[in-house]
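Everything on this sheet refers to the single structure shown next.
The values are calculated or read from the model by the stated rules, or taken from the named source; none is laboratory data. Owing to the predicted nature of the structure, the values given are computational and were not obtained by experimental measurement. Positions of Cβ are generated from backbone atoms using ideal geometry, with glycine treated the same way; all protein chains shown enter the neighbour counts.
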Amino acid sequence: MELRMQLKSDFFNQASWEQLYIITDHWKSDLCFYHDETKFLKHLVDRYSIWLTLPDNIEQVRQVSEKLQVCERFKNDLLDTIARHMKHIKDMIENPFVHNEQAFREEHAQLEEDVADYVKSHRNLKKEIFAITEEVVESEKLQHLLGQNNNS
């Protein structure tokens, strides 16, 4: 792990502005993909939430919806930061004395960590949503079947 951090640090300290711009643009592209995926996940949660009858299921879905909103705000903040960062890179290419180079490279490394944290959070939330959706659908089916048997 320490070697990986050292290699990453060396790369960020030696990479050209063009290389840093390409990496940052790739992060932006990834986050745009996650934006589309988040829309799908919201649709999935909303689609099943209207049929819920059990209070525990309603609460689980409410909690995961809140987590999805927090994750989306995090992504939007990252996209704003990336846009500013890409502008700074353009400025550095045009005039290398506009920004403090070392501070900028440290900012870039921190941004990479933030993007990695977001990706990890998003993946974990996606797994949680799929698990909850499966669990809720099964328990609601069972509740529906039990309700039909009691009416017979």
Within region 11-21, can one find any residue that is surrounded by fewer than 17 Cβ atoms within 10 Å (Cβ to Cβ) and not in a helix (DSSP H, G or I)? yes
Just name the residue that is farthest from residue 53 (Cα to Cα) out of those in region 129-139 that are within 24 Å of the chain's Cα centre (by Cα), surrounded by fewer than 16 Cβ atoms within 10 Å (Cβ to Cβ) and not aromatic (Phe, Trp, Tyr). 131
Residue in region 76-103 that is surrounded by the fewest Cβ atoms within 10 Å (Cβ to Cβ), counting only those that are hydrophobic (A, V, I, L, M, F, W, C) and within 18 Å of the chain's Cα centre (by Cα): 83
Applying the selection to region 55-77, what residues are within 16 Å of residue 123 (Cα to Cα), touching a residue at least 40 places away in the same chain (Cβ under 8 Å) and not basic (Lys, Arg)? 64, 68, 71, 74
(1) in contact (Cβ under 8 Å) with a residue 12 or more places away in the chain; (2) part of a loop (DSSP other than H, G, I, E, B); (3) surrounded by 14 or more Cβ atoms within 10 Å (Cβ to Cβ) all hold for residue 42 apart from (2)
Within region 136-143, identify whether any single residue is under 16 Å from residue 45 (Cα atoms) and out of contact with any Phe, Trp or Tyr (no Cβ under 8 Å at 6 or more places or on another chain), and answer yes or no. yes
Scanning region 49-66 for residues that are at pLDDT below 90 and of a type in the set (Val, Ile, Thr), which turns out surrounded by the fewest Cβ atoms within 10 Å (Cβ to Cβ)? 50
Condition set at pLDDT 90 or above and touching a helix residue (DSSP H, G or I) at 6+ places or on another chain (Cβ under 7 Å), scope region 38-48, selection farthest from residue 119 (Cα to Cα): answer is 42
